[in-house]
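The values are calculated or read from the model by the stated rules, or taken from the named source; none is laboratory data. Only a predicted model underlies this, so the values are computations on that prediction, with no experimental measurement involved. Because the Cβ atoms are built from the backbone with ideal geometry, glycine has one as well, and the counts that use them run over all protein chains shown. Only protein heavy atoms, including side chains, enter the accessible area calculation; ligands, DNA and RNA are left aside. Shrake-Rupley method; radii C 1.70, N 1.55, O 1.52, S 1.80 Å.
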Amino acid sequence: MKYQNLFTPVKIGSVTIKNRFAMAPMGPLGLADSEGGFNQRGIDYYTERAKGGTGLIITGVTFSDCKVETQSMPNCPNSTYNPVHFIRTSREMTERVHAYGSKIFLMMSAGFGRVTIPTNLGEFPPVAPSAIPHRWLDKICRPLTVEEIRSIVKSFGDGAYNAKRAGFDGVEIHAVHEGYLLDQFAISMFNLRTDEYGGSLENRLRFAREVVEEIKSRCGSDFPVVMRFSVKSMIKDWREGALPGEEFEEKGRDIAEGLEAAKLLVQYGYDALDTDVGTYDAWWWNHPPMYQEKGLYRPYCKMVKEVVDVPVLCAGRMDNPDMASQALENGECDIISLGRPLLADPDYVNKLRSGRLAQIRPCISCQEGCMGRIQEYSMINCAVNPQAARERDMAYEPILKSKKVLVVGGGVAGCEAARVLAIRGHQPELFEKGSRLGGNLIPGGAPEFKEDDLALAEWYATTLKDLNVPVHLNHEVTKEEVLAGNYDAVIIATGSQPKKFSLGDDDKVYTAAQVLLKEKDCGDSTVIVGGGLVGCETALWLAQHGKKVTIVEALDKILAVNGPLCHANKDMLERLVPFNGVEVVTGAKVKSYAGGVLTAETAEGEKTIPCDSVILAVGYREEDSLYRQLEFDVPEIYLLGDAKKVSNIMYGIWDAFEVANHI
């Protein structure tokens, strides 16, 4: 088998993992109950990934301490909360996970410190090693007392002991990683203490050392303890992160100190290092958007692996199995961690094992359903998989009678609707006026950094073929065809069209879609009207291909509206635009384009910009004309996707799932 090395056993301490795949820890928002245990959603969520073949499940973060940072995160294993309830609910989960031959580790946190999500902070003052600025708020943190540090250390022992009783096979510590509380102690930029927890590297790691020693003393030396670890911080300054390829002076932990820290952590007793780079000051490293290359942590993991003798776990867009296999072969890591890919497809590992690669639903790294919803709504989901973290609530509904359903439109909404209908036993038939399925995924996936949009379109095409759904391309449906088709239900998902307006010399005025699809050549220099997501991504792509690009935006900044929900995506794109030489003109209204010159009105007066073309990226307009023709003639008719309301991929898929699952 091509990927046989990914399916060999590996040991973390005394525990044998059946293959080389781990479910990376991701925020467990929405997976806990009010008493500090796992709710049914959480139990189903983790069990589904074990059922899908993942060798090691690592839960999202739980707080070992619920007193110092009193805004408790989901689940709390220590004895100050409700240990009996935690053990009872956890035991149900671990027993179900073990039924599939998987192991499960509980992730335990010392706290967030200066990076606490503001919506979770409430009125409580943020804590940190020292009086340093909070990451998000204009507040100075309160330094932890030695007594508080020791109480947190003790809580780790209590929590790990309860985790072991609950059937967990080990724990992962959160973390000398990403600038969380333990990491703040470890980094000299954040740790200004003069007591035994500050100063030398050994002192700054004392907190982390005491944690593992406490756990081992309570649970035994054979109970595995993994450390989530960032070998390099990528910090330019307070709240300022570095971009890939940028030259900068590291203000956080540099590689030399990171490798020394790795050796010390193993010496202290940690049984594996779950390795990445970054901090919340540069959080597009720890939560890599599509603008980061795949496998971005591999060189850093290899450095760590060369200086330690324990397993190294590597995450970071590792969903390409060729890359994963090569990473093991090259000695870059021992275990492949999949986070978002297992949200998108919980059966990833089993599909890979059985050679069904084309059936793996791809993660598109949009972070709309996962990180974005965690930060905004305190819940984890997935944009391309509506069932993620809602496995029981969103299970496929059984049907009593199979219906013949017409689906008009082959974008994500139409494809998702047809997929769900077919799985449930209905008889969908899909018509698409274009030459391929995918809708706006096709122009959206044109930039190299958006390749997974095209992969998602291809996945839909493959899936509908496997489900024997009739798909008719290059066919624009008419009202008469619909009424003559004797359908039990009709779904209209005809998408949207780019907004256009005249600037005068319109021969050289194109839509972003036309340029992305290479239907039009923008020349060597172009002005993009509109600094939203489409405009910025198009500008970045063109600049990366050597074009001189200017963005003209009417608002006072780019990505001001309809930008990515996750700030890691938004913040990185905002910085990549000027970093790649794109000029940005904000607060400007475009007036005309003539003779190769665009004229715009700004607060400072009229501005002229010579350019070979103008690209309009000013939004989309719903294409719902067929629905309007049919809405009073078809008893069961639904309007979905951009045809209903221009939105993003996530809501197109989610709305389609909801409707198709209840026809």
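May I ask you to say which residue of V614, V590, V646, V582 is in contact with a helix residue (DSSP H, G or I) (Cβ under 6 Å, 6 or more places away or on another chain), surrounded by 20 or more Cβ atoms within 10 Å (Cβ to Cβ) and either aliphatic (A, V, I, L, M) or over 30 Å from V412 (Cα atoms) (or both)?
The unique qualifying residue is V582.
Out of segment 543-557, which residues are open to solvent by 70 Å² or more (accessible area, probe 1.4 Å) and either under 23 Å from D453 (Cα atoms) or assigned to a helix (DSSP H, G or I) (or both)?
Within segment 543-557, Q544, H545 qualify.
Evaluate the following for Y377: is it open to solvent by 20 Å² or more (accessible area, probe 1.4 Å) and farther than 24 Å from P288 by Cα?
no
Can you tell which of A560, A603 is open to solvent by 20 Å² or more (accessible area, probe 1.4 Å), touching an Asp or Glu at 6+ places or on another chain (Cβ under 8 Å) and either at pLDDT below 95 or acidic (D, E) (or both)?
A560
Take segment 598-626 and flag every residue that is among the hydrophobic types (A, V, I, L, M, F, W, C) and more than 14 Å from I551 (Cα to Cα).
A603, L626
Is it fair to say D571 is among the charged types (D, E, K, R), modelled with pLDDT under 95 and out of contact with any His (no Cβ under 9 Å at 6 or more places or on another chain)?
Taking the combined requirement at face value, the residue does not satisfy it.
Please go through segment 598-638 and pick out each residue that is in a strand (DSSP E or B), closer than 24 Å to V534 by Cα and touching a residue at least 24 places away in the same chain (Cβ under 8 Å). Walk me through it before giving the result.
Keep residues of segment 598-638 that are in a strand (DSSP E or B), which gives 598-602, 605-610, 613-616, 620-622, 637-638.
Next cut, closer than 24 Å to V534 by Cα only: 598-602, 607-610, 613-616, 620-622.
Within segment 598-638, L598, A600, I609, P610, S613, V614, I615, L616, Y620, R621, E622 meet the criteria.
When you scan segment 439-454, do you find a residue that is among the hydrophobic types (A, V, I, L, M, F, W, C), under 24 Å from Q514 (Cα atoms) and open to solvent by 70 Å² or more (accessible area, probe 1.4 Å), even just one?
Within segment 439-454, none of the residues are among the hydrophobic types (A, V, I, L, M, F, W, C), under 24 Å from Q514 (Cα atoms) and open to solvent by 70 Å² or more (accessible area, probe 1.4 Å).
Checking the condition within 30 Å of K164 (Cβ to Cβ), part of a helix (DSSP H, G or I), open to solvent by less than 10 Å² (accessible area, probe 1.4 Å) and not hydroxyl-bearing (S, T, Y), which residue from V212, V226 passes?
V212
With (1) assigned to a helix (DSSP H, G or I); (2) within 22 Å of L56 (Cβ to Cβ); (3) open to solvent by less than 10 Å² (accessible area, probe 1.4 Å); (4) at pLDDT 95 or above as the list, and E95 as the residue in question, which single condition is left unmet?
(3)
Considering only residues that are over 19 Å from the mean Cα position of the chain (by Cα) and of a type outside the set (A, V, I, L, M), which ones fall in segment 319-349?
D322, S325, Q326, E329, N330, G331, E332, C333, D334
Contact list please: Cβ distance under 6 Å, first residue in segment 302-321 and under 23 Å from S365 (Cα atoms), second residue aromatic (F, W, Y) and in a loop (DSSP other than H, G, I, E, B), pairs at least six apart or on different chains.
Correct list of pairs: C314/Y297; G316/Y297; P321/Y3.
Filter segment 416-471 down to the residues that are farther than 30 Å from A539 by Cβ, among the aliphatic types (A, V, I, L, M) and assigned to a helix (DSSP H, G or I) and list them by number.
Correct list: A417, A418, V420, L421, A422, I423, L464.
Report, by residue number, each residue of segment 237-258 that is crowded, with 18+ Cβ neighbours inside 10 Å and under 24 Å from G199 (Cβ atoms).
The answer is K251, G252, R253, E257, G258.
When you scan segment 520-536, how many residues do you find that are hydrophobic (A, V, I, L, M, F, W, C) and within 16 Å of Y593 (Cβ to Cβ)?
Here the count works out to 4.
For the structure I just gave you, tell me whether E249 is modelled with pLDDT of 95 or more, more than 22 Å from G60 (Cβ to Cβ) and part of a helix (DSSP H, G or I).
Values: modelled with pLDDT of 95 or more: yes; more than 22 Å from G60 (Cβ to Cβ): yes; part of a helix (DSSP H, G or I): no.
In short, no.
Quick check on my filter: what residues within segment 563-590 are touching a residue at least 60 places away in the same chain (Cβ under 8 Å) and not acidic (D, E)?
Result: P564, L565, C566, H567, A568, N569, M572, L573, R575, L576, F579, V590.
Here is a list of conditions, (1) closer than 20 Å to E432 by Cβ; (2) assigned to a loop (DSSP other than H, G, I, E, B); (3) over 30 Å from the mean Cα position of the chain (by Cα), and S502 meets all of them except one; can you say which number that is?
(1)
Going by what's in this entry, would E480 be described as over 30 Å from V634 (Cβ atoms) and free of Cβ contacts under 8 Å to residues at least 60 places away in the same chain? Spell out how you get there, then give the answer.
Working: over 30 Å from V634 (Cβ atoms): no; free of Cβ contacts under 8 Å to residues at least 60 places away in the same chain: yes.
The answer is no for E480.
Give me the residue from segment 523-542 that is part of a strand (DSSP E or B) and among the aliphatic types (A, V, I, L, M) and, out of that set, nearest to P610 (Cα to Cα).
Filtering first and then ranking leaves V527.
Taking segment 227-257 on its own, how many of its residues are touching a residue at least 12 places away in the same chain (Cβ under 8 Å), closer than 16 Å to V307 by Cα and hydrophobic (A, V, I, L, M, F, W, C)? Spell out how you get there, then give the answer.
As a first pass, look at segment 227-257 and keep what is touching a residue at least 12 places away in the same chain (Cβ under 8 Å): 227-244, 246, 248-255, 257.
Among the residues that remain, those that are also closer than 16 Å to V307 by Cα are: 227, 229-232, 254-255, 257.
Keeping just the survivors that are hydrophobic (A, V, I, L, M, F, W, C) gives 227, 229, 231, 255.
Within segment 227-257, residues that are touching a residue at least 12 places away in the same chain (Cβ under 8 Å), closer than 16 Å to V307 by Cα and hydrophobic (A, V, I, L, M, F, W, C) number 4.
Restricting to segment 1-26, name every residue that is among the small types (G, A, S) and either surrounded by fewer than 22 Cβ atoms within 10 Å (Cβ to Cβ) or part of a helix (DSSP H, G or I) (or both).
Within segment 1-26, G13, S14 meet the criteria.
Take the residues of segment 341-355 that are assigned to a helix (DSSP H, G or I) and either in contact with a helix residue (DSSP H, G or I) (Cβ under 7 Å, 6 or more places away or on another chain) or more than 18 Å from N381 (Cβ to Cβ) (or both): which is most open to solvent (accessible area, probe 1.4 Å)?
The extreme case among them is R353.
Is it true that E332 is modelled with pLDDT of 95 or more, more than 17 Å from M23 (Cα to Cα) and either of a type in the set (D, E, K, R) or assigned to a loop (DSSP other than H, G, I, E, B) (or both)?
It is true that E332 is modelled with pLDDT of 95 or more, more than 17 Å from M23 (Cα to Cα) and either of a type in the set (D, E, K, R) or assigned to a loop (DSSP other than H, G, I, E, B) (or both).
Determine which member of the set A489, A484 is at pLDDT 95 or above, in contact with a strand residue (DSSP E or B) (Cβ under 6 Å, 6 or more places away or on another chain) and among the aliphatic types (A, V, I, L, M). Give the steps one after another, and end with the answer.
Values: A484 fails: in contact with a strand residue (DSSP E or B) (Cβ under 6 Å, 6 or more places away or on another chain).
Being at pLDDT 95 or above, in contact with a strand residue (DSSP E or B) (Cβ under 6 Å, 6 or more places away or on another chain) and among the aliphatic types (A, V, I, L, M) holds for just one of A489, A484, which is A489.
Filtering segment 269-299 down to residues that are closer than 24 Å to E451 by Cα and among the hydroxyl-bearing types (S, T, Y), which residue is surrounded by the most Cβ atoms within 10 Å (Cβ to Cβ)?
Of everything passing the filter in segment 269-299, Y297 is surrounded by the most Cβ atoms within 10 Å (Cβ to Cβ).
Hey, can you tell me all the residues within segment 27-56 that are open to solvent by 10 Å² or more (accessible area, probe 1.4 Å), assigned to a loop (DSSP other than H, G, I, E, B) and touching a residue at least 60 places away in the same chain (Cβ under 8 Å)? Break it down into steps so the answer makes sense when it comes.
Narrowing segment 27-56 to residues open to solvent by 10 Å² or more (accessible area, probe 1.4 Å): 27, 29-30, 32-35, 39-41, 44, 48, 51.
Then drop every residue that is not assigned to a loop (DSSP other than H, G, I, E, B), which leaves 27, 29-30, 33-35, 39.
Across segment 27-56, the qualifying residues are G27, L29, G30.
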